[in-house]
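**Student:** The structure is given below, and queries will be raised subsequently.
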Amino acid sequence: MIYREAGDFKTSYRDDSQTFPIRLDRWGYYAILAVAFGIIPFVINDYWANAVLVPFLIYAIAALGLNILTGYAGQVSLGTGGFMAVGAYAVYKLMTAFPDVSILIHILLAGGITAAVGVLFGLPSLRIKGFYLAVATLAAQFFLVWLFNKVPWFYNYSASGQITAPERTVLGHAVTGPATSAPAKYLVCLVMAFLLAWLARNLTRGMLGRKWMAIRDMDIAAEIIGVDPLRAKLSAFAVSSFFIGIAGALLFAVYLGAAEVGEAFGINKSFLVLFMIIIGGLGSIFGSFAGAAFMVLMPVLLKNVLVGTLNWPTDLAAHIELMIVGALIVTFLIVEPHGLARLWRLTKEKLRLWPFPH
Amino acid sequence: MDQVIFGAEVFLNGLMTGVMYSLVALGFVLIFKASGVFNYAQGVLALFAALTLVGIQDGQVPFAHLINAAFGTSLHHFGWTVPSILAIALTVLVMVLLAFLIEKLVLQHLVGQEPIILFMATIGLAYFLEGLGDVMWGADIKTLDVGLPQGISDGIETLTAGWFGYGFFIDRLDIWATVIAALLVAALVAFSQYTKQGRAMRAVADDHQAALSVGISLRFIWVMVWSIAGFVALVAGIMWGTKSGVQFSLSLIALKALPVLMLGGFTSIPGAIVGGLIIGVGEKMFEFLIGPMVGGATETWFAYVLALVFLVFRPQGLFGERIIERV
C-alpha cells in the first residue's frame, strides 16, 4: 500500500534503466540528499561531526570499497587497514610536496596511488583463493604498516614518526588542519561519499559489476563464459583500493589531523571495516552505509549508556563493547547472513503488502 | 667465523620459536580437519586459557570488575591460591565447557554454511572471547608460573663453549616447550590412530555425510575436537604466557600461525610442525641477515610475505591435499 511499484509505468529505455526504478525509492533518495546537503551543514556542531557524521561517511567509503572487493567480486581481504594507510601517507606526501594544488585533487590522487598498490597485492589472487587469499592479504597489512613505520621518507623525517596534516583550503574554507570548522569537514566527506557511492552503484550494475559477480559466484564457470579473471579480479582490487585509499586519506587529513600508522591503520581497522560489510550486507551499496552507521553509532551509544548513565569505568565498557560486537557478528551470521540490507528489503516487502498481507 | 656461530645460535632459537608457532597451528589443523572450520579464534582461545589458568591459580573472583561496577562492592580475590596441577585441571574443564557452548550456540546453527561465513563467525567469536577474558579476569598483564624451568640452559652453554669457544644462549623453557610439543603431537597421533573416538574423528574429517550414515554423532565429535583444540590452546597459552606474560599480544600469535598453516597446508599435522619450524627459522634468520639493512623489526611481516610468495607457486601448501575444482 505505502510502498509499491504498481502504476509506475516506464515509457522509455532511459526510464527503465535509471538508478532507482521505483518512484518511492527515488523520492526517498532525493529527500535524504536534500537533508544531507541542505539542512545538516547548517545545524551541525563539533560533537556530531566528530563523533558521528564524519567517521560515518569516511567508514562508509571504506566499506563501499571493501564491499566491491568482497561482496561483489568475492575476494576476501584483511588488508583494508594497510590500504587506508597508503591513502593517508600518499595524501600527506602530496600535500607537503605540492602545497599549491587543491587538496581535493590530492585526495583523488591518493586514491589512485592506493589503487596501484592494491593491484600489486591483488596479483596473487589469480592463484590463491578463499581464505588462503584472506591470509595472503594480511601480508599487505603488516608489510605496509611496517614500511610506513621504518622508512622516514614517508613521514618527512619528523621526530615523532607521526604525520600531521597541514592546513589546506577549499574555496577559502579550511578543510584540513586544526582550524577546520565542523560543516567544512562534513561537507568534504559528504561530497566524496556521495560521488563514490554514485560511482559504485553504477559500476556494480554495469558490465564490470556483472563480471565481478560472475567471478564471485564461481570463477571457473565465469572464465568459461568469457569473463577474463585477470581483468575482473584486478579491476576489483583497483576500484576497491581506490575507494579505501580515499577513505584513508580523508580519515587522516580531515578527521584525525595527525596519525601514527600502527595505531590508526592497524589490523583492527581491517576487521572493523570487514564487520561493517558483514553486518550491513555483502554485495549491497545500501548495506555499506547501514553497516558503517551501525558500527560507528553502536560504540557511541554503548559509551553513553554504560559510562554516561551507569557510571561504569571506561575500560570495562570497552571490554563489554568487544563482547557485544563479537556476539553481534555471530548473531548476524546465524540469523541473517545477508545483513541489514536484507532486513531493509524484507521491510520494504512488508510495506508493499501492508495492510492487506494476503 | 663468529658470524657463522652466531648465525647457528639464531638458527636454533628460530627452531624453538617455530615449535611455539606449531603449537598454535596444531589447534587450527585439528578443528579444520574435523569440521572444516577455519578457526580464527584459536589464538584468543590460548589467551583465554592462559588468563583462566592464572585467574584460578591466584584465586581471583571472576567478573570482579563487572560486579564491582554494577553493585558498588570491592571484590577482587578469594584469598586462596590453587596448586598448578589442580588449576590446570580446572582450566581444562572450563575449556571443555567452552567447547560445548561454542558448539551449542554457534556451530550448530551454522552447519552447511559457506566456509567463509564460518571463518567470519570465528572472528566474531574471537572478539567475544577477548572481551570475555578481560571482563572475567581483568586486562592487566599477568605473570604465569606453573613451575616450568626458565632461564639460560647452563649445560648447553658449557657444552658448546667447550666445542666452539662460544656458549650458545638457549632458554630452558624453549627446550621444555619442544619436548612437550613432541609429546603432544605423539599423543594426538596415537589418539587419532588407535582409539575409537579418534577413528570417528578421522571419519568425520573425511566425509561428514558418510560419517553420519554409519552412526557417528557429529555433535559429539565437534565438541570433542573443540575441547582438544582448547587443550592444545591451553598448552600453547602456558608456554607463551610463561615466556612473555599473559597479555593481549598473545592472541596475535594466532595470526602468526596462519602463515604457518598456509606453508604446511591446512589439513596436515606434520605440515603444521614443519611450517612452524620454517617460519620460526626463516624470520629469525631474515632478521639476523637482512634486518639490520632495512631497519629491523621485519618479524612483523616476514612470515606473511613468505607464505604469500610460497602460495603463488604451490597453492595447497607443502603437505596439503591437492585442490581440485569442478564446475
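The values are calculated or read from the model by the stated rules, or taken from the named source; none is laboratory data. Just so it is clear, the structure is predicted and the values come from calculations on it, not from any experiment. Because the Cβ atoms are built from the backbone with ideal geometry, glycine has one as well, and the counts that use them run over all protein chains shown.
**Student:** Residues in segment A:172-182: is at least one within 12 Å of chain B (Cβ to nearest Cβ) and buried (at least 20 other Cβ atoms within 10 Å of the Cβ)?
**Tutor:** Scanning segment A:172-182 turns up no residue that is within 12 Å of chain B (Cβ to nearest Cβ) and buried (at least 20 other Cβ atoms within 10 Å of the Cβ).
**Student:** Which of the following residues is touching a residue at least 40 places away in the same chain (Cβ under 8 Å) and of a type in the set (F, W, Y): A:F9, A:F42, A:F20? Show your work before the answer.
**Tutor:** Values: A:F9 fails: touching a residue at least 40 places away in the same chain (Cβ under 8 Å); A:F20 fails: touching a residue at least 40 places away in the same chain (Cβ under 8 Å).
None of the others qualify; the one that does is A:F42.
**Student:** I'm trying to understand the selection: among the residues of segment A:161-171, which are touching a residue at least 60 places away in the same chain (Cβ under 8 Å) and either touching a strand residue (DSSP E or B) at 6+ places or on another chain (Cβ under 9 Å) or within 8 Å of chain B (Cβ to nearest Cβ) (or both)?
**Tutor:** A:Q162, A:I163, A:T164, A:A165, A:R168
**Student:** Go through (1) surrounded by fewer than 21 Cβ atoms within 10 Å (Cβ to Cβ); (2) away from chain B (no Cβ under 14 Å) and name the single condition A:H338 misses.
**Tutor:** (2) is the only condition that A:H338 fails.
**Student:** Please state which one of B:T52, B:T122, B:T81 is facing another protein chain (nearest Cβ under 10 Å) and β-branched (V, I, T).
**Tutor:** Numbers: B:T52 fails: facing another protein chain (nearest Cβ under 10 Å); B:T81 fails: facing another protein chain (nearest Cβ under 10 Å).
Every option except B:T122 fails the conditions.
**Student:** Could you list, in sequence order, the residues of segment B:1-29 that are under 11 Å from the mean Cα position of the chain (by Cα) and of a type in the set (A, V, I, L, M)?
**Tutor:** B:V19, B:M20, B:L23, B:V24, B:A25, B:L26, B:V29
**Student:** Please tell me if A:G266 is in contact (Cβ under 8 Å) with a residue 40 or more places away in the chain and out of contact with any strand residue (DSSP E or B) (no Cβ under 9 Å at 6 or more places or on another chain). Break it down stepwise before answering.
**Tutor:** Numbers: in contact (Cβ under 8 Å) with a residue 40 or more places away in the chain: yes; out of contact with any strand residue (DSSP E or B) (no Cβ under 9 Å at 6 or more places or on another chain): yes.
Judged against the criteria, A:G266 is a match.
**Student:** Let me ask you something else. Would you pick out the residues in segment A:212-229 that are of a type outside the set (G, A, S) and either within 14 Å of chain B (Cβ to nearest Cβ) or within 30 Å of A:L104 (Cβ to Cβ) (or both)? Give the derivation first.
**Tutor:** Kept after step one, since they are of a type outside the set (G, A, S), are these residues of segment A:212-229: A:212-213, A:215-220, A:223-225, A:227-229.
Those that are of a type outside the set (G, A, S) and either within 14 Å of chain B (Cβ to nearest Cβ) or within 30 Å of A:L104 (Cβ to Cβ) (or both): A:W212, A:I215, A:R216, A:D217, A:M218, A:D219, A:I220, A:E223, A:I224, A:I225, A:V227, A:P229.
**Student:** Under 9 Å between Cβ atoms, at least 6 apart or on separate chains: pull out the pairs that start in segment B:105-131 with a residue that is more than 12 Å from A:F332 (Cα to Cα) and end on any residue that is modelled with pLDDT of 80 or more and basic (K, R).
**Tutor:** Short answer, once both residue conditions are applied: B:L107/B:R219; B:Q108/B:R219.
**Student:** Right, here's the next one. Of all residues in segment A:140-159, how many are in contact (Cβ under 8 Å) with a residue 40 or more places away in the chain and either more than 9 Å from chain B (Cβ to nearest Cβ) or under 30 Å from A:E223 (Cα atoms) (or both)?
**Tutor:** First, pick out the residues of segment A:140-159 that are in contact (Cβ under 8 Å) with a residue 40 or more places away in the chain: A:140-145, A:148-149, A:154-156.
Filter again for either more than 9 Å from chain B (Cβ to nearest Cβ) or under 30 Å from A:E223 (Cα atoms) (or both), leaving A:140-141, A:148, A:154-156.
Selection size over segment A:140-159: 6.
**Student:** Now, a different point. Looking at B:I279, B:I221, which one is surrounded by 24 or more Cβ atoms within 10 Å (Cβ to Cβ), part of a helix (DSSP H, G or I) and either within 14 Å of chain A (Cβ to nearest Cβ) or over 15 Å from the mean Cα position of the chain (by Cα) (or both)? Show your work before the answer.
**Tutor:** Details: B:I221 fails: surrounded by 24 or more Cβ atoms within 10 Å (Cβ to Cβ).
After ruling out the rest, the residue left standing is B:I279.
**Student:** Something else now. Return a yes/no flag: does segment B:30-38 have any residue that is touching an Asp or Glu at 6+ places or on another chain (Cβ under 7 Å) and in a loop (DSSP other than H, G, I, E, B).
**Tutor:** Quick first cut of segment B:30-38, residues touching an Asp or Glu at 6+ places or on another chain (Cβ under 7 Å) only: none.
The answer is no; no qualifying residue exists.
**Student:** Restricting attention to segment B:25-76, and to residues there that are hydroxyl-bearing (S, T, Y) and at pLDDT 75 or above, which single residue is surrounded by the fewest Cβ atoms within 10 Å (Cβ to Cβ)? So that I can check it myself, show each step before the final result.
**Tutor:** Let us first name the residues in segment B:25-76 that are hydroxyl-bearing (S, T, Y), namely B:35, B:40, B:52, B:73-74.
Checking which are at pLDDT 75 or above leaves us with B:40, B:52.
Numbers: B:Y40: 28, B:T52: 26.
Once the filter is applied, the top-ranked residue is B:T52.
**Student:** Go through (1) at the interface with chain A (Cβ under 9 Å from one of its Cβ atoms); (2) more than 26 Å from B:A126 (Cα to Cα); (3) assigned to a helix (DSSP H, G or I) and name the single condition B:L258 misses.
**Tutor:** Condition not satisfied by B:L258: (2).
**Student:** What residue, of A:L120, A:L196, A:L203, A:L190, is hydrophobic (A, V, I, L, M, F, W, C) and under 30 Å from B:F266 (Cβ atoms)? Show your work before the answer.
**Tutor:** Working: A:L196 fails: under 30 Å from B:F266 (Cβ atoms); A:L203 fails: under 30 Å from B:F266 (Cβ atoms); A:L190 fails: under 30 Å from B:F266 (Cβ atoms).
Only one candidate qualifies: A:L120.
**Student:** For segment A:112-129: of the residues being over 18 Å from A:F142 (Cβ atoms) and within 14 Å of chain B (Cβ to nearest Cβ), which is surrounded by the most Cβ atoms within 10 Å (Cβ to Cβ)?
**Tutor:** Taking segment A:112-129 and keeping what is over 18 Å from A:F142 (Cβ atoms), we get A:112-113, A:115-116, A:119, A:126-127, A:129.
Retained after the next criterion (residues that are within 14 Å of chain B (Cβ to nearest Cβ)): A:126-127, A:129.
On the way: A:L126: 14, A:R127: 14, A:K129: 17.
The extreme case among them is A:K129.
**Student:** Sticking with this one: Which condition number in (1) touching a helix residue (DSSP H, G or I) at 6+ places or on another chain (Cβ under 9 Å); (2) modelled with pLDDT under 85; (3) part of a helix (DSSP H, G or I) is the one that A:G326 fails?
**Tutor:** For A:G326, the exception is condition (2).
**Student:** Here is a further query. So which residues in segment B:261-270 are away from chain A (no Cβ under 11 Å) and either at pLDDT 80 or above or surrounded by fewer than 22 Cβ atoms within 10 Å (Cβ to Cβ) (or both)? Before the answer, list the steps.
**Tutor:** In the first step, residues of segment B:261-270 are kept if they are away from chain A (no Cβ under 11 Å); the result is B:264, B:267-270.
Within segment B:261-270, B:T267, B:S268, B:I269, B:P270 qualify.
**Student:** Go through the residues of segment A:2-13 one by one and say whether even a single one is surrounded by fewer than 24 Cβ atoms within 10 Å (Cβ to Cβ) and assigned to a helix (DSSP H, G or I). Walk me through how you get there before you give the answer.
**Tutor:** The initial filter retains those residues of segment A:2-13 that are surrounded by fewer than 24 Cβ atoms within 10 Å (Cβ to Cβ), namely A:2-13.
Those left that are additionally assigned to a helix (DSSP H, G or I): A:13.
Checking segment A:2-13: at least one residue is surrounded by fewer than 24 Cβ atoms within 10 Å (Cβ to Cβ) and assigned to a helix (DSSP H, G or I).
**Student:** Tell me the helices (runs of 4 or more DSSP H) entirely within segment A:36-126 that contain at least 2 residues that are of a type in the set (S, T, Y). Reasoning before the result, please.
**Tutor:** Working: elements: A:40-43, A:54-66, A:80-97, A:103-122.
In segment A:36-126, A:80-97 are the helices (runs of 4 or more DSSP H) which contain 2 or more residues that are of a type in the set (S, T, Y).
**Student:** Can I ask one more? List, please: which pairs have Cβ atoms under 9 Å, are six or more places apart or on different chains, and start with a residue in segment A:329-358 that is part of a helix (DSSP H, G or I) and end with one that is acidic (D, E) and modelled with pLDDT of 85 or more?
**Tutor:** Once the first residue is part of a helix (DSSP H, G or I) and sits in segment A:329-358, no partner that is acidic (D, E) and modelled with pLDDT of 85 or more comes close enough.
**Student:** Of the residues A:T309, A:T331, which is among the hydroxyl-bearing types (S, T, Y) and modelled with pLDDT of 85 or more? So that I can check it myself, show each step before the final result.
**Tutor:** Numbers: A:T309 fails: modelled with pLDDT of 85 or more.
On inspection, the qualifying residue turns out to be A:T331.
**Student:** Inside segment B:296-306, can you point out the residues that are more than 7 Å from every other protein chain (Cβ to nearest Cβ) and part of a helix (DSSP H, G or I)?
**Tutor:** Residues satisfying the conditions are B:E299, B:F302, B:A303, B:L306.
**Student:** Given (1) within 14 Å of chain A (Cβ to nearest Cβ); (2) assigned to a helix (DSSP H, G or I); (3) of a type in the set (A, V, I, L, M, F, W, C), where does B:A139 come up short, assuming only one miss?
**Tutor:** Condition not satisfied by B:A139: (2).
**Student:** Looking only at residues that are assigned to a helix (DSSP H, G or I), of a type in the set (A, V, I, L, M, F, W, C) and surrounded by fewer than 19 Cβ atoms within 10 Å (Cβ to Cβ) in segment A:295-316, which one is nearest to the other protein chains (Cβ to nearest Cβ)?
**Tutor:** Residues of segment A:295-316 assigned to a helix (DSSP H, G or I): A:295-309, A:314-316.
Pick out the ones that are also of a type in the set (A, V, I, L, M, F, W, C) and you get A:295-298, A:300-302, A:305-307, A:316.
Narrowing the set further to residues that are surrounded by fewer than 19 Cβ atoms within 10 Å (Cβ to Cβ) leaves A:297-298, A:300-302, A:305, A:307.
Working: A:L297: 18, A:M298: 13, A:V300: 18, A:L301: 17, A:L302: 12, A:V305: 13, A:V307: 10 Å.
That would be A:V307.
**Student:** Identify, from the list B:G27, B:G7, the residue that is farther than 24 Å from B:R172 by Cβ and in a helix (DSSP H, G or I). I'd like the intermediate steps shown before the answer.
**Tutor:** Working: B:G7 fails: farther than 24 Å from B:R172 by Cβ.
Only one candidate passes the filter, namely B:G27.
**Student:** Considering only residues of segment B:303-327 that are at pLDDT 70 or above, hydrophobic (A, V, I, L, M, F, W, C) and over 19 Å from A:L120 (Cα atoms), which is farthest from the chain's Cα centre (by Cα)?
**Tutor:** Per the stated criteria, the residue is B:I324.
**Student:** For segment A:223-233, does any single residue satisfy the condition of being on the phi > 0 side of the Ramachandran plot and either at pLDDT 90 or above or surrounded by fewer than 24 Cβ atoms within 10 Å (Cβ to Cβ) (or both)?
**Tutor:** Residues of segment A:223-233 on the phi > 0 side of the Ramachandran plot: A:226.
Adding the requirement that they be either at pLDDT 90 or above or surrounded by fewer than 24 Cβ atoms within 10 Å (Cβ to Cβ) (or both) leaves A:226.
Looking for residues that are on the phi > 0 side of the Ramachandran plot and either at pLDDT 90 or above or surrounded by fewer than 24 Cβ atoms within 10 Å (Cβ to Cβ) (or both), one finds at least one in segment A:223-233, hence yes.
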